[in-house]
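Engineer: Take this structure, written in structure tokens, and hold onto it; I'll ask about it next.
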Amino acid sequence: MRYFLIFFLINILIKGQTSYIIGDSQSFLLAKNSVQTKILPSLAKSGIGVTELNAMLGRSPVHKEAKNIFISIGVNDNYYDKGISILIRNLDRIFPNSYFYLIRGSYGWGNVQDITNQTPRYLEYYNTFRKLKIFVIEKDVGYGDPHQNKAAYAQIGDFIDYIVWKNYTRGE
């Protein structure tokens, strides 16, 4: 009983720490599979790529309360860099007190039918974020159409919750 009470109280405290998921259509299913984060509706939309996310960030208020930002982006750009460095600058401006995490997207369907998670273009796309000091989560959304609740979303959601928990326990 005591452990349950401790877990319950810590869970309430973590929920007071704001963590958002932003980006493309995969964001919505990622948010449904995370207990500790929520979608930021003004910065999440189906069909967007980096250019559109940058435009949305340009209209966004500053979110000083945010501690963790999880980003799902890339598939709609066919994993071509369409302004990643500008995106990082915009994220730093809108979320000045946040850590940033990138979720690797889907492949093998639609416009990315010829892409796998080992295709050089896919790997280089996410390496660009790493070079800009963004933590890239290794688990990807995976093969096939991402518009259904796949097992990968649950696995990534659990890892997102772990990250939020670790950042909270560090006192950040």
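The values are calculated or read from the model by the stated rules, or taken from the named source; none is laboratory data. Here the structure is a predicted model, which means the values were calculated and not measured. Reconstructed Cβ throughout: ideal geometry from the backbone, glycine too, with neighbour counts over all protein chains shown.
Engineer: Could you go through region 50-69 and let me know if any residue there is modelled with pLDDT of 95 or more and within 22 Å of ALA154 (Cβ to Cβ).
Structural biologist: yes
Engineer: Can you tell me which residue within region 44-74, out of those that are in contact (Cβ under 8 Å) with a residue 40 or more places away in the chain, assigned to a strand (DSSP E or B) and not β-branched (Val, Ile, Thr), is farthest from LYS166 (Cα to Cα)?
Structural biologist: SER72
Engineer: Give the residue that is nearest to TYR122 (Cα to Cα), with candidates limited to residues of region 137-153 that are out of contact with any Phe, Trp or Tyr (no Cβ under 8 Å at 6 or more places or on another chain) and loosely packed, with under 15 Cβ neighbours inside 10 Å.
Structural biologist: GLU138
Engineer: Right, another one. Taking the options TYR101, TYR122, TYR79, name whichever one is of a type in the set (Ser, Thr, Tyr), in contact with a strand residue (DSSP E or B) (Cβ under 6 Å, 6 or more places away or on another chain) and surrounded by 15 or more Cβ atoms within 10 Å (Cβ to Cβ).
Structural biologist: Checking each option against the conditions leaves just TYR101.
Engineer: What helices (runs of 4 or more DSSP H) completely inside region 84-172 contain at least 1 residues that are in contact (Cβ under 8 Å) with a residue 12 or more places away in the chain and farther than 21 Å from LEU43 by Cα?
Structural biologist: 120-131, 151-169
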